[in-house]
Amino acid sequence: MSTNKMNGRFERASIRIEAEGQGAVPRLSDLRDIAARLRFAPEDGRIWIDDERAVLLRASVFAGLRRELLESLGAEKARALLTRVGYSAGARDATLAVNLRGSRQLTDVFAVGPQMHALEGFVAVEPIRIEIDVEKGIHYVEQIWHDSMEAAAHIEAAGLAAESVCWMQIGYASGFNSALFGRPILFREVACRGAGDPHCQIIGKPVDEWCDAEEDLRFLTPGEFVNASLVKRRAPFQDAAGAPASPADGDFMVGASSGFLSACGKLQQVAGTNAAVLLLGETGVGKERFAKMLHRVSLRAAGPFVALNCAAIPENLLEAELFGVERGAYTGAGEARKGRFERADGGTLFLDEIGTLNEASQAKLLRALQEREIERVGGSSSKPVNVRVVAATNVDLVAAVTAGRFRADLYYRLNVFPIRIPPLRERRDDIALLVSHFLDKFMGLHGKRVSGFTHRAIAALLSHAYPGNVRELENVIERGVIMAPEGKAIDRHHLFESDELPAASMLAMDPRGAVRPVNLVAEADEPDEEAVQDIVAKALDLAMPLRALERGAIREAVKRAGGNLSHAARLLGMSRAQLAYRLEKDKEE
Ligand code: ZN
């Protein structure tokens, strides 16, 4: 492996790399650690990249696939599809980067993207200028791609192009950078071998620094129909111009992963019908958001959307809430009141946590679905209603039916078209998009600007297990925006309470969606600048010699570690040998 010729100035949260001029190609860090993650197991018919299965595909096969895509979808759609596929792969490799090199220099973490791209046989990456400073919000990456596989494949499939064609690779660069820095970074090819240039040249900058980013961002939108009714052709992430979030932002759907897109596709299939839809998924996956989207793209969009969380209403009031009450139906029912069914007439009624309905409400709901009419509590006549019911549950309704807690006939009525919404751990490629989206949303909502996320914050965000799914991620980002100092980057302690972190959070994905612990914080973290200032000021005020401060820290660490030197060394951010040496020296003095 060649020596590291990179002429860089490294700072805590910044990268600066510039080519030295002719003949001096700056190299990124040693890639043997990544290469070691690539394993061939021919006896099992498997190739692994880290924990994920991979395949070897000849470039000519890729060219054939590309030709088919171009012919069947047209250039525009083929480009969008390949850009999204690349984006997802890039976002995934950002997770690999923090898992593999999370405790190293930011430059090394960043290098994983270009190095994976090289290792996988796409391109040889030559950095021209890379300047990244998280605190100052600077992000500029300029690189040359030598021998782009995608450009060659495009020429083979469709001949020389008029425009740049490395769509999947450019999506990869955008996905990797956006995920690794928690803000939307858009890459473009300013030259492309596929268009006759000697090599491809790419530039990556934050979305808001490109004046016409929309043009490229539309290739990342998950599907033409998703969000189309909200903002036409708005990208899955928006520029961070700081405009206040519009009320519709709460309903905005974000994602590019295959699990998310598959759920969206089903939504689109059923939207034009009047069929009942059952949304299945864990708490916090965004079932109400999906229900609202379904309503907006359905024929009922002009009608009302009414939501009710069945678990949030006391059992004895649920019937009145759903079907309304007639005057004097019971003590306290002074006035006649419409229920949710009547209010949703002509529109969509979303019933969340449907599994908690009691027997009486189940019977009435079944009747409303069958007869298309309801009867108010205390009423004697029925009223026709025209409502599409979208139900949601996070429990196993089949089990509830078997156990006799849920009516089988109602279950079949509701389960005409089930859509499973995957938990966030099964769509981790979307974390980057979601982080960017929520950051914009909460900066607007709280009227506050932050410059982005520190490297430690991103490592924590990408590796957190998210038992609370998208809602948890949203809460975490809101907390970060509130806690971080104005104009500065969000750090890990702004996002997570310390006790939330090591045990539950330091988990990484395996291909089956399960999580496994990884040793992401093996080394002591870089200290918080302000905390250091505090301690230094106090020590100077007390005229305390540095040696005494150091000795005190060592003594305290050993005490806290209960005499376990390895543990104490970790607390101090030094090796066990270093600590043993210091202790020995202290004894001598
Ligand atoms: Zn190219």
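Structural remarks
- The orientation-averaged shadow of the Cα convex hull for region 386-496, equal to a quarter of the hull surface, comes to 9.8 nm².
- Close amide H contacts of Ile128 (hydrogens built in the peptide plane, cut-off under 5 Å, sequence separation of 5 or more or a different chain): Glu142, Gln143, Ile144.
- For Leu279, distant residues with modelled amide H under 5 Å away: Ala391, Ala392, Thr393, Ile419
- Region 258-421 pair-distance distribution - Cα-Cα, 10 Å bins, rounded %: 11, 40, 35, 12, 2, 0
- Computed about its Cα centre, the charge dipole of region 258-421 is approximately 500 debye, with only Lys, Arg, Asp and Glu carrying charge at their Cβ.
- Computed with a 1.4 Å probe over protein heavy atoms only, the accessible area of Tyr581 comes to about 140 Å².
- Stretch gain in nm, segment Tyr412-Thr273, where the contour uses 0.36 nm per residue and the Cα spacing is subtracted: 48.3 nm
- ³J(HN,Hα) computed for each position of region 185-201 - Karplus, 6.51 cos²θ - 1.76 cosθ + 1.60, integer Hz, glycine/proline x: 10, 10, 9, 9, 8, 8, 8, 8, 4, x, 10, x, 6, x, 8, 8, 10
- FRET E, pair Cys211, Glu486, Förster distance 25 Å, beta-carbon r, rounded to 0.05: 0.40
- For the pair Glu76 and Asn564 in one chain, pulling the backbone fully straight at 0.36 nm per residue adds 169.5 nm over the alpha carbon distance.
- Note, ³J(HN,Hα) from phi for region 293-300, Karplus 6.51, -1.76, 1.60, rounded to Hz, x at Gly and Pro: 5, 4, 4, 5, 9, 8, 6, 9
- Above 17 Å, the calculated P(r) of region 35-116 contains 61 percent of its Cα-Cα pairs.
- Dipole magnitude for region 377-466: computed about the Cα centre from +1 point charges on Lys and Arg Cβ and -1 point charges on Asp and Glu Cβ, it is near 200 debye.
- Potential lengthening between Glu43 and Arg555 on full extension [0.36 nm per residue; Cα-Cα distance subtracted]: 178.9 nm
- Note on region 281-333: the alpha carbon radius of gyration divided by the globular reference 2.2 N^0.38 Å gives 1.51.
- Rounded to the nearest 0.05, the FRET efficiency derived from the C-beta distance between Lys383 and Arg471 at R0 = 45 Å is 0.80.
- Inter-site label distance for Met544 and Asp197 at 7 Å from Cα along Cβ, in nm: 5.7 nm
- Amide proton proximity set for Glu373, modelled H, under 5 Å, gap of 5+: Val385
- Kirkwood-based Rg to Rh ratio, region 3-220, C-alpha trace: 0.96
- Spin-label pair Glu371/Ala302, simplified geometry with 7 Å Cα→Cβ offset, distance in nm: 3.0 nm
- Where region 43-110 is the region considered: accessible area per residue in Å², 1.4 Å probe: 49 Å²
- Eigenvalues of the alpha-carbon gyration tensor of region 529-588, scaled by 5 and square-rooted, set the equivalent ellipsoid semi-axes at 22, 14, 9 angstrom, largest first.
- Hz values of 3J(HN,Hα) by residue in region 417-430 - Karplus curve (6.51, -1.76, 1.60), Gly and Pro given as x: 9, x, 10, 8, 9, x, x, 4, 5, 9, 9, 5, 4, 8
The values are calculated or read from the model by the stated rules, or taken from the named source; none is laboratory data. In this text the structure is predicted, and so the values were computed from the model without any measurement. Note: ideal-geometry Cβ built from the backbone for every residue, glycine included; neighbour counts use all protein chains shown. We work out accessible area using only protein heavy atoms, side chains counted, and drop any ligands, DNA or RNA first. Shrake-Rupley method; radii C 1.70, N 1.55, O 1.52, S 1.80 Å.
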